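I have placed the structure first, in the form of structure tokens, so that the comments after it can refer back to it.
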Amino acid sequence: MELLVASAIGVLTAAGLYLVFRLRTFPVIIGISLLTYAVNIFLFASGRLVVGGAPILQKGVEGVFYSDPLPQALVLTAIVISFGMTAVVVMIALGAYLGGDDDTVNDPAEPAEEGEAR
């Protein structure tokens, strides 16, 4: 189970970083979203991967294995924050696309050289 979760975190991080380094804004948005998913899974896994464990310690619950509720609350908060951040970034990217400045490399203040596309 731990290997599967660690592999998922690694794949999401690698794909997110690859997309963040792209030249257009839409792949950057998708890359940031993948990175936030990787962080959310990492936070969730830090609360211990226990199937059928008690959420909190109570009298009468036997065993040392329990699920920590704090990372679950952190993940829930991170999901809300990442949704708001993604909405803001999508609106900024939409404004850049409609304004004709979707390229993340070329500075619009600099004149384009001959043969160079904007």
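Below is a table of values for the structure above.
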quantity	calculated
Using θ = phi - 60° and Karplus 6.51 cos²θ - 1.76 cosθ + 1.60, couplings along the range 39-45 (whole Hz; Gly, Pro as x)	5, 5, 5, 4, 5, 5, 6
L19 accessible area, 1.4 Å probe, all protein chains in place, Å² to nearest 10	40 Å²
Pairwise label distance in nanometres, A6 with K59, each label 7 Å out on the Cα-Cβ vector	4.0 nm
Length released on extending from Q72 to M91, taking residue separation times 0.36 nm less the Cα-Cα span	3.9 nm
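The values are calculated or read from the model by the stated rules, or taken from the named source; none is laboratory data. This is a predicted model, so every value here is computed, not measured. Positions of Cβ are backbone-derived with ideal geometry, glycine not excepted, and every protein chain shown enters the neighbour counts. Areas reflect the complete protein model, heavy atoms only, side chains present, ligands, DNA and RNA absent. Shrake-Rupley method; radii C 1.70, N 1.55, O 1.52, S 1.80 Å.
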